Amino acid sequence: MLTLEPELTVEQVARFKARLQEQVRALSAQDVELRARLAAEESVTANTFVAGIEGAMAAEADDEVIALLQHEQTELAAVKQALDRMENGEYGQCTECGDPIGLSRLEVLPEAHLCVGCQDMLEHRQGR
Ligand SMILES: [Zn+2]
């Protein structure tokens, strides 16, 4: 690589850490809320005889909450892994090729674990 990105400074890492910890808090709160919604919806479906269209709507709402919950858990796992990498002093390096991920990318996506090149390749492999 010709354009070598400078290493992240201690201050920059500390700033990303604060952002990631904030994300953990927000996602955990979302997790609690979504689980409560799911529990409430389940009890509606289970405790009342909802037939036909109402039953179908309840099931759809469940699917939506489950999708949100899955998204939130994927996000939370990524954020926690980023914090783990920070602990190990590996934060900001691509887990695939070891290149610096780059400050501008981390500003947008502090939990990123791949550089732009590896991310592109991964998405290409997945056919996105
Ligand atoms: Zn890479």
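The values are calculated or read from the model by the stated rules, or taken from the named source; none is laboratory data. These figures come from a predicted structure and were not determined experimentally. Every residue, glycine as well, gets a Cβ built from its backbone with ideal geometry; the counts of neighbours run over all protein chains shown. Each accessible area value is taken on the protein alone, full model and side chains, heavy atoms only, with ligands, DNA and RNA left out. Shrake-Rupley method; radii C 1.70, N 1.55, O 1.52, S 1.80 Å.
Overview of values
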quantity: Solvent-accessible surface ranking, highest first, for MET121, MET86 at 1.4 angstrom; calculated: MET121, MET86
quantity: Total formal charge among the other residues, if their Cβ is under 10 angstrom from that of ALA26, Lys/Arg +1 and Asp/Glu -1; calculated: -3
quantity: By accessible area with a 1.4 Å probe, ligands and nucleic acids excluded, highest first: order of HIS113, HIS71; calculated: HIS71, HIS113
quantity: Amide H partners (placed H, <5 Å) of GLN93, local residues excluded; calculated: ILE101
quantity: Residue-level accessible surface for THR74, protein heavy atoms, 1.4 Å, Å²; calculated: 100
quantity: Spin-label pair ALA61/ALA14, simplified geometry with 7 Å Cα→Cβ offset, distance in nm; calculated: 4.7
